[in-house]
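What follows is a short report on a single structure.
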Amino acid sequence: MTAGNDWGGGYVTDLEYIEGYYSQQSPSQLVLACTLRGIAAELPGPGEPLRYLELGCGQGIGALVLAAANPAWKVTAVDYNPAHIAGARAVAAAAGIGNIDFIEADLSTLAGNEAARAIPEADFTSMHGVWTWVGPEVRAGIVRLLAEKVRPGGVVHLSYNALPAWQGAIGMQRLVREGGRRAALRSEAGVAAGLDLARALNAAGAHYLQTSPLVQHLLTATQELAPEYLTHEYMNAHWAPAFHADVAAAMAGAKLDWVATAAPLESFPSLMLSEEQRALYERFEDSPMRELVMDTCLHRQFRHDVYVRGARRLRAGERDERLAAMTLVPIVSPAELDTNLAVPAGTAEIGGGLKALMAEALQGPTTVGALMARHPGVSNAAELVAVLVGTNQAQVTAAGAPQAPSADRLNRYLGGRVRSLLGPRGASGLACSFTGAGLPAPKLLHFIVARMLAGEREDAAGAWAEALSQGLDEAGRQEVPAIIALALQQRVPLLRALGVVPA
């Protein structure tokens, strides 16, 4: 819906998308995904020049975090919506981020024009979610642009709503959009009306709503989600989930080879599939069929796929050498160690030598090789790294860099906008030069980091609690001091060790 104009071509343009940072977009996690699958990709070193391209950047927070954390990089971010680009440029200017360009462009026609010629050849490219929300002509334009701008050996991240997981909800999305656009001109009012219609039909016994477990989950879960997200997810005219094989076939038009998913645990069928499922998976050698089997077995609504333009296999033993050289950086405190792992049968508890390795890894940055050398009885370095990174307890880097002033400026700016804990949680990140990526962080941590960068210390927690309680009910206000105290105990020492807050 476009509020009375048609320049959006069926894409939502009258409501800006939510801000977000997603770790799967970071070069370090993409390199790890390639390495786990035995594909050559180089982990960027501190201060190493790198060219990063994001297509469909929304409000640009992910691109800004990466640019701020890595001032030697050249980051280019493209979006169709001028409101997104204007807002992203304003944040870049306010935080003094000079190594990023935001371009307003139509991806269906960008390839080959003057604006595209100015975009540097990319080492890493990311497209988060955009493939699901655009029409065939835009997808074709994306492929043309990738063919033009991804260097040989370049890595591409592409995420999208996946089939067959979304199969049962395709009818629901159409119902929400069609009902919503008849009920209201503005998209956010339309999606609310469309979801109300779907819930009413569900209550009235609508067969195709009641027989889909995914629809039943969504009808409840959407009550807690931000209207900005819901509008873009459900009100785009060209919304279409996709099978992995069809996306891979399209990417082949840019000479891109599918190599992995950016979710490290998904590189281990022994962890993701039951014994019977794994036997069927291993009947096939080609990756499209294997991924179809896995998508059929798992409840994988959203895929984060990794492609390489000219994938090169590592020599025997080289994968483990590269893993051993990586530095594991804990992003949670030792007290937060989580050894529960989702498996086909439910949840498995990690124990033994792997649990001991995980606990030691959270004590502080260390190379994978050094950690494994201290535990000679445990040999699977790949599984250790996949579990820690895949459960969001650690990140990998080539070697830690000191916090860049640009990272401090962005963190202070973003945290300075937090006025209360009220409202949608979002998925944001703190710029961290030590990891060369973003640290997943809720509003509370953004607020605390900004205050500490402004010179305040932990003894100001009482005033922080008062500020963050604005708009909360009494029960919520009572919880805030304890939430702050826990963050000061568990996360602030870690942020201090990484240089994100002052020593």
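The values are calculated or read from the model by the stated rules, or taken from the named source; none is laboratory data. Keep in mind that what you see is a predicted model, and the values were worked out from it rather than measured. A quick note on method: Cβ atoms are made from the backbone with ideal geometry, for glycine too, and the neighbour counts reach across all protein chains shown.
Remarks
- Selection over the range 144-155 of residues that are more than 21 Å from the chain's Cα centre (by Cα) and touching a residue at least 40 places away in the same chain (Cβ under 8 Å) gives a count of 7.
- Hey, Leu273 aliphatic (A, V, I, L, M), within 29 Å of Leu384 (Cβ to Cβ) and surrounded by 19 or more Cβ atoms within 10 Å (Cβ to Cβ) or not: yes
- Answer from Arg181, Arg151 - the residue that is surrounded by fewer than 20 Cβ atoms within 10 Å (Cβ to Cβ), assigned by TED's automatic domain parsing to the domain that holds His128, out of contact with any Leu (no Cβ under 8 Å at 6 or more places or on another chain) and of a type in the set (Lys, Arg): Arg151
- Selection count, the range 10-22, where residues are touching a Leu at 6+ places or on another chain (Cβ under 9 Å) and under 16 Å from Ser159 (Cα atoms): 1
- From the options Ala162, Ala169, residue that is more than 20 Å from the chain's Cα centre (by Cα) and in contact (Cβ under 8 Å) with a residue 40 or more places away in the chain: Ala169
- In this structure, Tyr281 does not satisfy being in contact with a Phe, Trp or Tyr (Cβ under 6 Å, 6 or more places away or on another chain) and either assigned by TED's automatic domain parsing to the domain that holds His157 or over 20 Å from Leu341 (Cβ atoms) (or both).
- From Ala279, Ala370, Ala325, residue being more than 18 Å from Leu43 (Cβ to Cβ) and more than 24 Å from the chain's Cα centre (by Cα): Ala279
- For the range 451-497, the set of residues classified as assigned to a helix (DSSP H, G or I), farther than 30 Å from Asp338 by Cα and among the acidic types (Asp, Glu) consists of Glu466, Glu474, listed by residue number.
- Among the residues listed as Glu349, Glu360, the single one being over 15 Å from Phe268 (Cα atoms), in contact with a Lys or Arg (Cβ under 9 Å, 6 or more places away or on another chain) and loosely packed, with under 15 Cβ neighbours inside 10 Å: Glu349
- Residue within the range 269-286 that is touching a helix residue (DSSP H, G or I) at 6+ places or on another chain (Cβ under 9 Å), under 24 Å from Phe124 (Cβ atoms) and not in a helix (DSSP H, G or I) present: no
- You will find that of Ile142, Ile119, Ile97, the residue that is surrounded by 23 or more Cβ atoms within 10 Å (Cβ to Cβ) and part of a loop (DSSP other than H, G, I, E, B) is Ile97 and no other.
Rundown of residues vs (1) at pLDDT 95 or above; (2) farther than 27 Å from His232 by Cβ, yes/no style:
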site: Tyr11; (1), (2): no, no
site: Ile18; (1), (2): no, no
site: Pro27; (1), (2): yes, no
site: Ala33; (1), (2): yes, no
site: Ile39; (1), (2): yes, yes
site: Leu43; (1), (2): no, yes
site: Glu48; (1), (2): no, yes
site: Gly58; (1), (2): no, no
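- Test: residue in the range 383-390 that is crowded, with 17+ Cβ neighbours inside 10 Å, outside any helix (DSSP H, G or I) and out of contact with any strand residue (DSSP E or B) (no Cβ under 8 Å at 6 or more places or on another chain): no
- Those residues of the range 359-382 which are β-branched (Val, Ile, Thr) and outside any loop (DSSP other than H, G, I, E, B), in sequence order: Thr366, Thr367, Val368
- Number of the exception - Ala245 against (1) of a type outside the set (Lys, Arg); (2) crowded, with 16+ Cβ neighbours inside 10 Å; (3) outside the structural domain of Arg303 (by TED's automatic domain parsing): (3)
Residue by residue, here is whether (1) outside any loop (DSSP other than H, G, I, E, B); (2) modelled with pLDDT under 90; (3) closer than 22 Å to Gln470 by Cβ holds:
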| site | (1), (2), (3) |
| --- | --- |
| Ala407 | yes, no, no |
| Leu410 | yes, no, no |
| Gly415 | yes, no, yes |
| Arg425 | no, yes, yes |
| Gly429 | yes, no, no |
| Pro440 | yes, no, no |
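Residue by residue, here is whether (1) within 19 Å of the chain's Cα centre (by Cα); (2) of a type in the set (A, V, I, L, M) holds:
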| position | (1), (2) |
| --- | --- |
| Leu64 | yes, yes |
| Tyr80 | no, no |
| Ala92 | no, yes |
| Ala95 | no, yes |
| Gly98 | no, no |
| Leu107 | no, yes |
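- Test: residue in the range 79-88 that is small (Gly, Ala, Ser), over 21 Å from Gly154 (Cα atoms), without any contact (Cβ under 8 Å) to a residue 12 or more places away in the chain and not in a strand (DSSP E or B): yes
- Only one of Phe284, Phe302 that is surrounded by fewer than 19 Cβ atoms within 10 Å (Cβ to Cβ), aromatic (Phe, Trp, Tyr) and under 20 Å from the mean Cα position of the chain (by Cα): Phe302
- Number of residues in the range 251-268 that are in contact (Cβ under 8 Å) with a residue 60 or more places away in the chain, outside any helix (DSSP H, G or I) and farther than 14 Å from Met294 by Cα equals 4.
- Here is the figure for the range 32-65: residues that are part of a helix (DSSP H, G or I) and touching an Asp or Glu at 6+ places or on another chain (Cβ under 7 Å) total 3.
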